1. Out of the residues in the stretch 102-151 that are surrounded by 22 or more Cβ atoms within 10 Å (Cβ to Cβ) and small (Gly, Ala, Ser), state the one that is modelled with the highest pLDDT.
2. Anything in the stretch 183-195 that is within 27 Å of residue 40 (Cβ to Cβ) and either open to solvent by 80 Å² or more (accessible area, probe 1.4 Å) or touching a residue at least 60 places away in the same chain (Cβ under 8 Å) (or both)? List them, or say none.
3. Could you identify the single residue in 132, 166 that is touching a residue at least 24 places away in the same chain (Cβ under 8 Å), within 20 Å of residue 98 (Cα to Cα) and not in a helix (DSSP H, G or I)?
4. So, residue 67, is that one open to solvent by less than 20 Å² (accessible area, probe 1.4 Å), at pLDDT 95 or above and either under 21 Å from residue 228 (Cα atoms) or of a type in the set (S, T, N, Q) (or both) or not?
5. Name every residue in the stretch 1-30 that is open to solvent by 10 Å² or more (accessible area, probe 1.4 Å) and either within 23 Å of residue 141 (Cα to Cα) or part of a helix (DSSP H, G or I) (or both), in order of residue number.
6. Residue 72 is checked against (1) touching a residue at least 12 places away in the same chain (Cβ under 8 Å); (2) in a helix (DSSP H, G or I); (3) open to solvent by 20 Å² or more (accessible area, probe 1.4 Å) and fails just one. What number does that condition carry?
7. Those residues that are in contact with a Ser or Thr (Cβ under 9 Å, 6 or more places away or on another chain) and open to solvent by 50 Å² or more (accessible area, probe 1.4 Å), I need them from the stretch 75-101; list them, please.
8. For the stretch 196-231, what are the residues that are closer than 17 Å to residue 183 by Cα, open to solvent by less than 50 Å² (accessible area, probe 1.4 Å) and in a strand (DSSP E or B)?
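The values are calculated or read from the model by the stated rules, or taken from the named source; none is laboratory data. Remember, it's a predicted structure, so these values are computed and weren't measured experimentally. In this analysis, Cβ positions are derived from the backbone assuming ideal geometry, glycine residues included, and neighbour counts consider all displayed protein chains. All accessible areas refer to the heavy atoms of the entire protein, side chains included, with ligands and DNA or RNA removed. Shrake-Rupley method; radii C 1.70, N 1.55, O 1.52, S 1.80 Å.
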Amino acid sequence: MFLYQEESGYFFNSDSHFLFDFISKFNPTGALLDIGCGCGILGLLSARDFDIKLTQIDKQPHNCFITQKNAQINHLHTNVIEDDFMTHHFEERFDFIISNPPYYHDGVSKSNNTILHTSRYNIHLPIDMLMQKVRKIIKNYGHFIFCYDAKMIQELLIHLKEAKMQVEDLQFVYGTAAKNASLVLIHARKGSKSKTNIHPPLINMQEGTPTKEVKSIYQKTRTYSIKCKVL
């Protein structure tokens, strides 16, 4: 998949690849919403590999423009909404909702680039408000799959419980086996009473090279980035 990316904007990284691999474990079908789609990578990969009706939303105009272009060059269909997810009125309810939301917090040094700031920092999409809105627009037993800073796991579980969504699957991602977890991948369902399945850890690097599992993820996603300037 070829993906244009704004050269002065936020570039997707390994988080998107790892999250898509995690999403793939649950075989998305039906209506799928991609929140904060950026260049469109998560939703478009889902549309490429699964039989879904794709909707993507982002409040930054250049992201919506690039997502549309990326859908066109990859011969995929998507309904792109240029609006703030928190205030947008959705006419339909979704079977799957996916997101790689901004999760840097106040304690992290902030960028002066408005595009990067909006894409990275959770003040633009507070996690408690995100989950409450997801609860309103997801179908009963619908799937909410997202990633977040692993250090925020306690808050994530509290807010998911408040939104009446049960964590069914959870996986931690580590830069190396010797480091603390940097990312957590979460699959939650509205109305579920299932126990939580904690997956084996995903280790990114070993002795300076991607691990065998990570290499297989990149082989599955098969993305090629093209930097461009949106005028």
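1. Among them, the one singled out is 142.
2. 183, 185, 187 - these are the residues of the stretch 183-195 that are within 27 Å of residue 40 (Cβ to Cβ) and either open to solvent by 80 Å² or more (accessible area, probe 1.4 Å) or touching a residue at least 60 places away in the same chain (Cβ under 8 Å) (or both).
3. 166
4. yes
5. 14, 15, 17, 21, 24, 25, 26, 27, 29, 30
6. Here residue 72 meets the rest and fails (1).
7. Residues satisfying the conditions are 79, 92.
8. 202, 203, 210
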